[in-house]
Amino acid sequence: MPRTLDGQITMEKTPSYFVTREAPARISAMSKDTKLIVVVRDPVTRAISDYTQTLSKRPDIPTFESLTFKNRTAGLIDTSWSAIQIGIYAKHLEHWLRHFPIRQMLFVSGERLISDPAGELGRVQDFLGLKRIITDKHFYFNKTKGFPCLKKAEGSSRPHCLGKTKGRTHPEIDREVVRRLREFYRPFNLKFYQMTGHDFGWDG
């Protein structure tokens, strides 16, 4: 990490940190004061999105439905499949809480980043002790992508949207498989809401 002067904040992002068992101890050894921001979304939607991304790179992979189950007749979910495993947030959070207090962690709602980006980023700014300077006027809704984009990026006069790997159309998934996944995740979601003190509304 680069040297950070007083009054500066150094940020680094890697999606795999939250689900990597060794990461909490390593980050704690580097700095116990590190503030951690985790963006989470409905684990069912997240799994489908994960699959969609893999499908775009490898069109020959099996169907989402066949990868979801160890045994479809018995309804046994395959928790070894990373697309499913990543969404068991409560399990991953347990590892982090052995090294960091919950007050040093902020869980950002992926859904609210789309529906109210300025509001959710307001929470991020508060958490980091920054003045709230990002407001609604910094965003516009991109109909093609289906989510908000920055009106203009820092140091540029042009709008900025996330790359073309974001905002892909998801394949149609068997309703019964989605229902079974919702059932599977519900107890983990409720535990996660308790641990974070925040109901993300994925089970409504």
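Out of all DSSP beta bridges with both ends in segment 33-194, state the antiparallel percent to the nearest 5.
60 percent
Please list, ordered by chain and number, the residues whose modelled amide H lies under 5 Å from the amide H of Phe139; skip anything fewer than 5 residues away on the same chain.
Lys151
Under the Karplus relation 6.51 cos²θ - 1.76 cosθ + 1.60, θ = phi - 60°, what is the ordered set of whole-Hz ³J(HN,Hα) values for segment 15-22, x standing for Gly and Pro?
So the J values, rounded to whole Hz, are x, 7, 3, 4, 9, 9, 4, 7.
Kindly report the accessible area of the chain per residue (heavy atoms of protein chains, probe 1.4 Å, no ligands, DNA or RNA), in Å².
With all protein chains present, the chain gives 64 Å² per residue.
How big is the gap, in Å, between the Cα center of segment 79-104 and the Cα center of segment 118-157?
27 Å
Kindly state, to the nearest 0.05, the FRET efficiency for Thr135 paired with Ser28, given R0 = 30 Å and r defined as their beta-carbon distance.
Efficiency, from the Cβ-Cβ distance: 0.30.
For segment 33-194, which whole percent of the accessible surface, found with a 1.4 angstrom probe, sits on carbon and sulfur atoms?
Answer for segment 33-194: carbon and sulfur cover 54 percent of the accessible area.
Name the residues whose placed amide hydrogens come within less than 5 Å of the amide hydrogen of Met105, ignoring near sequence neighbours (fewer than 5 apart) on the same chain.
Leu36
Using a Gaussian network model of the chain whose springs link C-alpha atoms within less than 10 Å, name the residue from Pro43, Pro159, Pro24 with the highest mean-square fluctuation.
Pro159
Scan around Phe69 for amide H atoms under 5 Å from its own, H built in the peptide plane at 1.01 Å from N, and keep only partners 5 or more places away or cross-chain.
The answer is Asp78.
Is it possible to state the helix-based mean residue ellipticity at 222 nm for the chain, with each DSSP H run of 4+ residues giving -39500 (n - 2.57), the sum divided by total residues, to the nearest 500 deg cm²/dmol? What is it?
-11500 deg cm²/dmol
What do you get for the angle between helix 43-57 and the principal long axis of the chain? Use alpha-carbon atoms, 0 to 90 degrees, nearest ten.
Around 90 degrees separate the two axes.
Below 8 Å, C-alpha to C-alpha, sequence gap of six or more: please give me the relative contact order for the chain in percent.
Normalised by residue count, the contact order of the chain is 23 percent.
Sequence gap at least 6, Cα distance under 8 Å: using those rules, report the relative contact order of segment 87-204 to the nearest whole percent.
Numbers: 90 pairs, mean separation 29.2, N = 118.
Once divided by the residue count of segment 87-204, the mean separation gives 25 percent.
The values are calculated or read from the model by the stated rules, or taken from the named source; none is laboratory data. On a predicted model such as this, the values are computed, not experimentally measured, just so you know. Methodologically, a virtual Cβ is constructed for each residue, glycine included, from the backbone with ideal geometry; neighbour enumeration extends over all protein chains shown. Surface accessibility is based on the protein's heavy atoms, side chains included, excluding ligands, DNA and RNA. Shrake-Rupley method; radii C 1.70, N 1.55, O 1.52, S 1.80 Å.
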